[in-house]
Amino acid sequence: MIHAADLPETIAVFPLAGALLLPRSRLPLHIFEPRYLQMLEDTLKTPQRLIGMIQPNPRPNCATGLQTIGCAGRVTQFSETEDGRYMITLAGASRFRISKEIECFSPYRRCEVSWTGFDRDLGRCETDPDFDRTAFLQLLQRLFERRGMSTDWDTLRDATDELLINSLSMLLDFSPEDKQALLEAPSLSTRRETLVTLIEFALRGGTGEETWQ
């Protein structure tokens, strides 16, 4: 487990549109570009082994071209293929806010970051006291049927609040902007509310007929 005192002032950042990592969640990644292979090699030499997942910001007035808030993950597993690529797993540690990008000689990007305001990310799993799981799963089932998707419903019913909400936030096919909104949700309850809104919007398809009752 990483403690607040262990979090570094600067980290390598990996811009990847649509990729969402949340605290206490796991994200598999396929690393093959030379600059990110170098990033991984350098990261593995550090005590914390942290990589900052961040989404690009396409707005023309954004100086860095990156979103302000991302989530750092600790490299917990990695394996090398015969042709030099890596399959890695990041365990979500804490969200961060970019303070500034650092000019350096590395082929990948590094940023000075602030961890302030994300204390709950390093604590215990969150719960959602107002979570109506039955109604939520009914809503989710309609979405899966609409998209021709299948899942293990028993596993979803048994999952903890955080595991269920965060896993769906990471796995469902939402836009990068929607993924960013899920990342920036200040609490698990807020993330669940955002997730419900996104699912309802996907179900409505502009008709306004489907809502969560």
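Since every read-out is calculated from the coordinates, none of them should be taken as a lab result. No experiment lies behind these values; they were computed from the predicted model shown. Methodologically, a virtual Cβ is constructed for each residue, glycine included, from the backbone with ideal geometry; neighbour enumeration extends over all protein chains shown.
Please list, by residue number, every one of the chymotrypsin sites (Phe, Trp or Tyr not before Pro) in segment 89-119 that is coil in DSSP and has at most 13 other beta-carbon atoms within 10 Å. Mind dumping the intermediate values first?
Details: sites: Phe96, Phe105, Tyr108, Trp115, Phe118; in loops: Phe105, Tyr108, Trp115, Phe118.
Passing sites in segment 89-119 are Phe105.
Please compute, for the alpha-carbon atoms of the chain, the extent along each of the three principal axes and give them in descending order in Å.
Principal extents (largest minus smallest coordinate, Cα): 54, 42, 32 Å.
Run the dipole for segment 4-122 about the Cα centre, Lys and Arg Cβ at +1, Asp and Glu Cβ at -1, nothing else charged, and hand back the magnitude in debye, nearest 20.
On the way: 14 positive and 13 negative charges, 80 e Å.
Rounded to the nearest 20 debye, it is 380 debye.
In terms of the Cα gyration tensor, with a ≥ b ≥ c the square roots of its eigenvalues, is segment 1-57 rounded because a/c is under 1.5, prolate because a/b exceeds b/c, or oblate? Please report the intermediate quantities before stating the final value.
On the way: a/c = 1.71, a/b = 1.20, b/c = 1.43.
Oblate.
Do any GluC sites (Glu not before Pro) in segment 1-102 lie in a DSSP loop with no more than 13 other beta carbon atoms within 10 Å, and if so, which?
On the way: sites: Glu9, Glu41, Glu80, Glu82, Glu101; in loops: Glu9, Glu82.
Counting only loop positions with at most 13 other Cβ atoms within 10 Å, the GluC sites (Glu not before Pro) in segment 1-102 are Glu9, Glu82.
Rounded to the nearest 0.05, what FRET efficiency do Thr46 and Thr134 have when you use their Cβ-Cβ distance and R0 = 30 Å?
Plugging the Cβ-Cβ distance into 1/(1 + (r/R0)^6) gives 0.10.
Compute the angle between helix 188-204 and the longest alpha-carbon principal axis of the chain, please, reported from 0 to 90 degrees and rounded to the nearest 10.
The angle comes out at about 60 degrees.
Take the chain, mark every one of the trypsin sites (Lys or Arg not before Pro) that falls in a DSSP loop and has at most 10 other Cβ within 10 Å, then report the longest stretch left between them, sites excluded.
On the way: sites that count: Lys45, Arg124.
Maximal segment without exposed cleavage sites: 125-213.
Kirkwood Rh, Cα Rg: Rg to Rh for segment 4-122?
Values: Rg = 13.6 Å, Rh = 14.5 Å.
Using only Cα positions, Rg/Rh for segment 4-122 is 0.94.
Enter the Cα centre distance for the pair segment 1-32 and segment 48-108, rounded to the nearest angstrom.
6
Quick check: pseudo-label points 7 Å beyond the Cα along Cα→Cβ at Asp173 and Glu193, how many nm apart are they?
My value for the distance between the label points is 2.9 nm.
How big is the convex hull of the Cα atoms of segment 133-204, per residue, in Å³? Walk me through the numbers on the way to the answer.
Details: hull volume 5.8 nm³, N = 72.
Spelled out: Cα convex hull of segment 133-204, divided by residues, is 81 Å³.
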